[in-house]
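Each remark here refers to the structure printed beneath this line.
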Amino acid sequence: MKHVIIGNGPAGVVAAEALRRADASADIVMIGDEPERPYSRMAIPYLLVGNIEEKGTWLRKTDGHFESLRIREVLGRAKSLDTASRTVHLEDGTALPYDRLLICTGSHPLRLPVPGIDSPNVHSCWTLEDARHIAAKAKKGARVLQIGAGFIGCIIMEALASRGVKLDIVEMGDRMVPRMMTSKAGSMIARWVEQKGVTVHTKARVTAIRQDGDALVATLGDGKEVVADLIIAAAGVKPNVAFLEGSGVACSTGILIDERCETNVPGVFAAGDVAEAIDFSTGERLVNAIQPNAVDQGRIAAMNMAGRSTQSQGTMAINVLDTLGLISASFGQWWGADGGDAVEMIDDKRFRYISLQFKDDVLVGATSIGLTDHVGVLRGLIQTRTPLGTWKERLMQDPLRVMEAYLSSAQAQSAAPLAGVAH
Ligand SMILES: Cc1cc2nc3c(=O)[nH]c(=O)nc-3n(C[C@H](O)[C@H](O)[C@H](O)COP(=O)(O)OP(=O)(O)OC[C@H]3O[C@@H](n4cnc5c(N)ncnc54)[C@H](O)[C@@H]3O)c2cc1C
């Protein structure tokens, strides 16, 4: 059996290793297009903070690790896919035939259509190469403008702040992390980071960038100008699917996969940031661009490629953020369900917040700030779809009683007789 994996990020690496465990004799090829050892983008902020060196970002640190598992690494870029002849074509002309293919090519940062975006000292923060450029410029006291305050933007901001730079953030939405946090929560985070000395421009866009001597000048939509030594563009990402044009592999935003992580083309699988899976909460489609999801899907895809039928329950939105010391989280259908009930509690002074979203007596989504003890419980209640019974009304009165609700409902569930078991 010939397995080809395109992409050597967390999804690709975990899949390659799982395939080897499942099949000692399979031929496994893993393609990566960056001239680096397989690494984790998620570790880049730690590198920028200075907690780790580059080696700390590597997914596997032992020399010869992949060779010892007989996983052949190929440096190259997939240019096209011929699903009829089951062949991956690389840009350098290499043709790689496969029996089973896994696509885990991740995504790429969006290039903003702004004049001057290609100026030197304007960077994304996506690759190790980007991190090297940023580390060279983001010295103590440097002026940094970051475009975008989404999930990844906030993580980068945390790393930049720790380097002692003077930071401006420009966000199009009316709050920070608008695609992950309710309006009240996103505004509370903005207030917190402003107190920590970051200048936040919400409902704002950069319309042009120009060079002024060594500095960059960014013009905002309202005419305001921000002078910076470094600009970081973190305004969203897009799955790497362009090379699949004409291949017959169905894509929407990402590659559409089923519960087995298989695409519409039999034998072709996808996992991680490039894949658009079924959302656990809504049953609709979701590109869930976080590392734990990439790893789960990589493993599930590998099991199915090796002939061991394995299914995902669906992918669930799980977002946990540390923004300059303020911990926030959102889970599942945090924005609410049609016809559902909701409760929200805000403590502006202490930077505490909770919002619970119910469908009937089941918790389907939640957002919280500053309530770290509750994070596991919120996730657990949503993921197990536990019927809360009378606890729902109690939570509507006091959402902070989630721990009690969890213990009481979980115990009630474990005490219930198992259906179909004869005693
Ligand atoms: C700064 C930063 C911080 C982050 N922090 C967190 C965090 O705290 N928590 C979290 O859960 N997630 C975080 N993430 C997101 C996380 O890194 C991604 O979800 C994860 O990397 C997805 O893994 P993947 O294997 O799907 O894709 P990737 O890691 O992107 O790997 C894809 C690989 O495929 C290669 N490739 C692409 N196209 C081709 C091609 N045509 N041919 C060959 N190779 C190709 C790419 O070069 C890349 O090496 C962060 C991301 C960034 C950038």
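The values are calculated or read from the model by the stated rules, or taken from the named source; none is laboratory data. Quick caveat: nothing in here was measured; it's all calculated off a predicted structure. Positions of Cβ are backbone-derived with ideal geometry, glycine not excepted, and every protein chain shown enters the neighbour counts. In case anyone asks, the SASA skips ligands and DNA or RNA and just uses the protein heavy atoms, side chains included. Shrake-Rupley method; radii C 1.70, N 1.55, O 1.52, S 1.80 Å.
Can you name the residue in region 258-293 that is of a type in the set (Val, Ile, Thr) and away from the ligand (no atom under 12 Å from the Cβ) and is also farthest from the chain's Cα centre (by Cα) among such residues?
It comes out as Val265.
Among the numbered criteria (1) within 10 Å of the ligand (Cβ to nearest atom); (2) open to solvent by 30 Å² or more (accessible area, probe 1.4 Å), which one does Glu67 miss?
(1) is the only condition that Glu67 fails.
Please give the number of the condition Gln211 fails out of (1) within 16 Å of the ligand (Cβ to nearest atom); (2) in contact (Cβ under 8 Å) with a residue 40 or more places away in the chain; (3) open to solvent by 20 Å² or more (accessible area, probe 1.4 Å).
(1)
Within region 243-260, track down each residue that is of a type in the set (A, V, I, L, M, F, W, C) and either touching an Asp or Glu at 6+ places or on another chain (Cβ under 8 Å) or touching a residue at least 60 places away in the same chain (Cβ under 8 Å) (or both).
Phe243, Leu244, Val249, Cys251, Ile255, Leu256, Ile257
Considering only residues that are open to solvent by 30 Å² or more (accessible area, probe 1.4 Å) and either hydroxyl-bearing (Ser, Thr, Tyr) or touching a Phe, Trp or Tyr at 6+ places or on another chain (Cβ under 7 Å) (or both), which ones fall in region 109-126?
Within region 109-126, Pro109, Ser124 meet the criteria.
Specify the residue that is nearest to the ligand (Cβ to nearest atom); the eligible residues are those in region 88-126 that are among the polar types (S, T, N, Q) and not in a strand (DSSP E or B). Break it down into steps so the answer makes sense when it comes.
In the first step, residues of region 88-126 are kept if they are among the polar types (S, T, N, Q); the result is 94, 105, 107, 119, 121, 124.
After this cut, where a residue has to be not in a strand (DSSP E or B) as well, the list is 94, 105, 119, 121, 124.
On the way: Thr94: 11, Thr105: 4, Ser119: 21, Asn121: 18, Ser124: 8 Å.
Only one residue tops the list, namely Thr105.
Return the residue satisfying two criteria in turn: it lies in region 294-318 and is within 16 Å of the ligand (Cβ to nearest atom) and out of contact with any helix residue (DSSP H, G or I) (no Cβ under 7 Å at 6 or more places or on another chain), and of such residues it is most open to solvent (accessible area, probe 1.4 Å).
Asp296
Here is a yes/no grid of residues against (1) part of a loop (DSSP other than H, G, I, E, B); (2) closer than 25 Å to Thr182 by Cα:
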residue: Val249; (1), (2): yes, no
residue: Asp296; (1), (2): no, no
residue: Ala302; (1), (2): no, no
residue: Thr310; (1), (2): yes, no
residue: Ser328; (1), (2): no, yes
residue: Gly339; (1), (2): yes, yes
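Which strands (runs of 3 or more DSSP E) does region 127-206 wholly contain that include 1 or more residues that are within 14 Å of the ligand (Cβ to nearest atom) and over 27 Å from Gln333 (Cα atoms)?
Where strands (runs of 3 or more DSSP E) fall fully within region 127-206 and carry at least 1 residues being within 14 Å of the ligand (Cβ to nearest atom) and over 27 Å from Gln333 (Cα atoms), they are 143-147.
Quick one: Gly246 ticks every box in (1) open to solvent by 50 Å² or more (accessible area, probe 1.4 Å); (2) on the phi > 0 side of the Ramachandran plot; (3) away from the ligand (no atom under 16 Å from the Cβ) except a single one, so which number is it?
Unmet for Gly246, out of (1) open to solvent by 50 Å² or more (accessible area, probe 1.4 Å); (2) on the phi > 0 side of the Ramachandran plot; (3) away from the ligand (no atom under 16 Å from the Cβ): (3).
Where the second residue is among the β-branched types (Val, Ile, Thr) and open to solvent by 40 Å² or more (accessible area, probe 1.4 Å) and the first is within 30 Å of Asp322 (Cα to Cα) and near the ligand (Cβ under 9 Å from one of its atoms) and lies in region 24-42, which pairs have Cβ atoms under 8 Å and are six or more apart or on separate chains?
Going by the 8 Å Cβ cut-off, there are no qualifying pairs.
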